[in-house]
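This report concerns only the one structure given below.
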Amino acid sequence: MRWSRYFLYTSKEEPADTEAPSHRLLLKGGFIKQASAGIYELTPPGVRVLRKIENIVRKEMDRSGAQEVLLTILNPAELWNETGRWELYGRELFTLKDRNGREYCLGPTHEEEITDLVRSYISSYRQLPVVLYQIQVKFRDEKRPRFGLIRGREFIMKDAYSFDVDEFSAMLSYESMKFAYDRIFKKLRLKTLLVEASVGTIGGISSHEFVALTPYGEARVAYCESCGYGANAEIVKLPKPKEEVEEELPLREVHTPDTDTIEKLSSFLGVPARKIIKAVLYMVNGSEPVMFLIRGDRNVDENKVEAVLKTENFRLAEDQEVWELLKTKKGFIGPFNLPPKVKVYWDNSTYGIKNAVIAFNKPDYHYLNANPGRDFSYGEFVDVCQVEEKDPCPKCGGPLKVSKGLELGHIFLLGTRYSEPMKAYYTDQKGQEKPIIMGCYGIGISRCISAIVEQYHDEKGIKWPTPVAPFELDIICVNPTDSQQREVSERLYLLAEEEGIETIYDDRDQSPGFKFADADLCGFPYRIVVGKKVKEGKVELQKRHTGERWDVDIEEAIKTVKKFIQEDKL
RNA sequence: CGGGGUGUGGCUCAGGUGGCAGAGCGUCGGCUUCGGGAGCCGAAGGUCAGGGGUUCAAGUCCCCUCACCCCGACCA
């Protein structure tokens, strides 16, 4: 491809309003263009990267025995009503009506559609198992799209669905998909972590996420370097700590004005935050108060709260509600003299605490040296505590690491969540009708573009790994007005094409610095610079990843690059 | 869903207290230059997000709407 004719336009200016490096570099390098919030167009080089990722995924999916389909983007409400998800999915669902008033949604995921497809053909155990997949645009009206392709409202996803006769067989499909994902991310050169994930309110049997460790991800993952355990932070169980051994001091009521946060209270009393028991009051389903007691230096993980309450319909109580219910204000809530309607849970972290600071619903006052058994009594213990660095690993007890990550793949053993309500049944050997056991498996394809850039870039720009690079080789003619340089560049370009090397030939009438900067920014793995040294029969060869450069004979250049590319693809 | 911010040429931005619409980059024409985003000369390019209001006069002040970005779902 001649760059002078190619639709690739970089920018010298820094894009405004970008935070994540991938967002900035993909815009600056001319790979994506924003259409509206969380919605992006891909340019020709952007599409080249996308197709390479898609094809790697496709190849591995096919290899695992999955078969490609293409489902509809526009999906009728009827199917979604069969599973109840028309309502459950809520406002994240993009919906619209046709001219007759019939309702549709733009598919955010395709369990309903695939189940509908399968139920219309599959009726016997002889036809199972089967795994189907597609690569397609998805639509989710996210509350907060961000970071370019990382969290978009319209994005490209590979979604696969497995159909099996029983749980054992389904588990095999699940495991085989796990292997396929492992191979995919390795081929994409993405460093990912396989972690256990929440099965959520949907239920289900097993769930794992493939997470790329990057600072710009919304997932928190905990992992253990000594035993290899890894999990989404929200499902890491934290046990009760050992009972503190300390002499019990006499209980005191102390005046603590203006201490509405743990921080203020801690410094006012000169007591460390971990010696404070804080109370967090939630309103469930709008009106049912639930109090969680947790140690002052820890935070409530609302995903864990959701698991305890078995609903996502809860929120923090408002000031007025706190006043009406407990006649106190935030910062002074405690588990004393509560109206019967208040449900109380104690987080494990509060177990065995001694001489604690605790509020008792009297504004501007706290108890000092409160001790369990003597001054207050525990109730039901739960685990709603957010995992922090150095918490004990649930497997081996070693110190956990906590990191932000970008969820790239999610695999899910669904069971009969969709097959049962949609009556996707098969007849077994004994002639009995049974629901098909399903699994679903997603990879955020467009998100992978961002993840790769996050993991492969420097100050100057992107450093595409060869298997996903838009072009493998960039040939730069330093001075196109020099007939010898021009002639050598043209010759090398034709030769590279003949050798099957994906080449962009920078024949633009621009200064050398301009072309070098673009080459760095766009991140082509190999570069041949045709300059002054052609007189001596030499051109310069550069590796973007390492910055190495050396002079080679003109006749050797393409051969050498080809060898490098082949090595990279192994 | 809350909170904060921004909207002016294709891009990045400047335009105290209201008074002729600006710069750099990019684009177009010309000359020069050619190993790290070149130089000089000339030119084109605007519904100042949209609507309403105040005023002799609004990019600027007031109200509404829209769009986009960031922060938070961190607290008792």
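Of note:
- In region A:279-296, residue farthest from A:Lys329 (Cα to Cα) [restricted to those that are more than 9 Å from RNA strand B (Cβ to nearest atom) and outside any strand (DSSP E or B)]: A:Asn285
- Hits in region A:157-175 (condition: of a type outside the set (A, V, I, L, M, F, W, C), within 29 Å of A:Phe139 (Cβ to Cβ) and either part of a helix (DSSP H, G or I) or free of Cβ contacts under 8 Å to residues at least 24 places away in the same chain (or both)): A:Ser173, A:Tyr174
- Per this entry, A:Val137 is not counted among residues that are farther than 28 Å from A:Glu19 by Cβ and surrounded by fewer than 20 Cβ atoms within 10 Å (Cβ to Cβ).
- Given (1) more than 8 Å from RNA strand B (Cβ to nearest atom); (2) within 20 Å of A:Arg153 (Cα to Cα); (3) assigned to a helix (DSSP H, G or I), index of the condition A:Ser4 fails: (2)
- Close pairs from region A:469-494: first touching a residue at least 40 places away in the same chain (Cβ under 8 Å) and of a type in the set (Gly, Ala, Ser), partner assigned to a helix (DSSP H, G or I) and more than 9 Å from RNA strand B (Cβ to nearest atom), Cβ under 8 Å, at least 6 apart: A:Ala469/A:Val49; A:Ala469/A:Lys52
- Considering region A:534-545, and only residues there that are surrounded by fewer than 17 Cβ atoms within 10 Å (Cβ to Cβ) and over 24 Å from A:Ser11 (Cα atoms), the residue that is farthest from RNA strand B (Cβ to nearest atom) turns out to be A:Gly537.
- Candidate set from region A:25-53 (those that are surrounded by fewer than 19 Cβ atoms within 10 Å (Cβ to Cβ) and within 11 Å of RNA strand B (Cβ to nearest atom)); member that is nearest to A:Trp464 (Cα to Cα): A:Lys33
- Restricted to region A:1-22, and to residues there that are touching a Gly at 6+ places or on another chain (Cβ under 9 Å), more than 18 Å from A:Glu454 (Cβ to Cβ) and hydrophobic (A, V, I, L, M, F, W, C), the residue that is surrounded by the fewest Cβ atoms within 10 Å (Cβ to Cβ) is A:Phe7.
- Qualifying position, being assigned to a loop (DSSP other than H, G, I, E, B), farther than 28 Å from A:Ser173 by Cα, more than 21 Å from the chain's Cα centre (by Cα) and aliphatic (A, V, I, L, M), among A:Val245, A:Val254: A:Val245
- Of residues in region A:83-109 being in contact with a strand residue (DSSP E or B) (Cβ under 7 Å, 6 or more places away or on another chain) and not in a loop (DSSP other than H, G, I, E, B), the one nearest to A:Val137 (Cα to Cα): A:Leu106
- Out of A:Leu400, A:Leu414, A:Leu408, one residue alone is under 19 Å from A:Leu172 (Cα atoms) and either touching a helix residue (DSSP H, G or I) at 6+ places or on another chain (Cβ under 8 Å) or touching a residue at least 12 places away in the same chain (Cβ under 8 Å) (or both). It is A:Leu414.
- Listed conditions (1) within 23 Å of A:Glu142 (Cβ to Cβ); (2) modelled with pLDDT of 90 or more; (3) touching a Ser or Thr at 6+ places or on another chain (Cβ under 6 Å) are all met by A:Val199, apart from (2).
- A:Lys341 being more than 10 Å from RNA strand B (Cβ to nearest atom), under 20 Å from A:Phe360 (Cα atoms), in contact with a helix residue (DSSP H, G or I) (Cβ under 9 Å, 6 or more places away or on another chain) and in a loop (DSSP other than H, G, I, E, B): yes
- Members of region A:485-521 that are near RNA strand B (Cβ under 9 Å from one of its atoms), in contact with a strand residue (DSSP E or B) (Cβ under 8 Å, 6 or more places away or on another chain) and of a type outside the set (Gly, Ala, Ser): A:Gln485, A:Pro512, A:Lys515, A:Phe516, A:Asp518, A:Asp520, A:Leu521
- Flag for A:Arg527 being without any contact (Cβ under 8 Å) to a residue 60 or more places away in the chain and part of a helix (DSSP H, G or I): no
- Scanning region A:519-532 for residues that are within 12 Å of A:Asp482 (Cα to Cα) and surrounded by fewer than 24 Cβ atoms within 10 Å (Cβ to Cβ) returns A:Gly531, A:Lys532.
- Any chance A:Asp260 is within 14 Å of RNA strand B (Cβ to nearest atom), farther than 26 Å from A:Ser403 by Cβ and acidic (Asp, Glu): yes
- Failed condition for A:Asp520, given (1) in contact (Cβ under 8 Å) with a residue 24 or more places away in the chain; (2) charged (D, E, K, R); (3) touching a helix residue (DSSP H, G or I) at 6+ places or on another chain (Cβ under 9 Å): (3)
- Residue check for A:Asp116: assigned to a helix (DSSP H, G or I) and among the acidic types (Asp, Glu): yes
- Any hit, region A:464-477, residues being more than 26 Å from A:Arg51 (Cβ to Cβ), at pLDDT 95 or above and within 12 Å of RNA strand B (Cβ to nearest atom): yes
- Within region A:304-337, tally of residues that are of a type in the set (Asp, Glu) and in a loop (DSSP other than H, G, I, E, B): 2
The values are calculated or read from the model by the stated rules, or taken from the named source; none is laboratory data. Note that the coordinates shown come from a computational prediction; the quantities given were computed from them, not determined experimentally. So basically every Cβ, Gly included, is an ideal-geometry build from the backbone, and we count neighbours across all protein chains shown.
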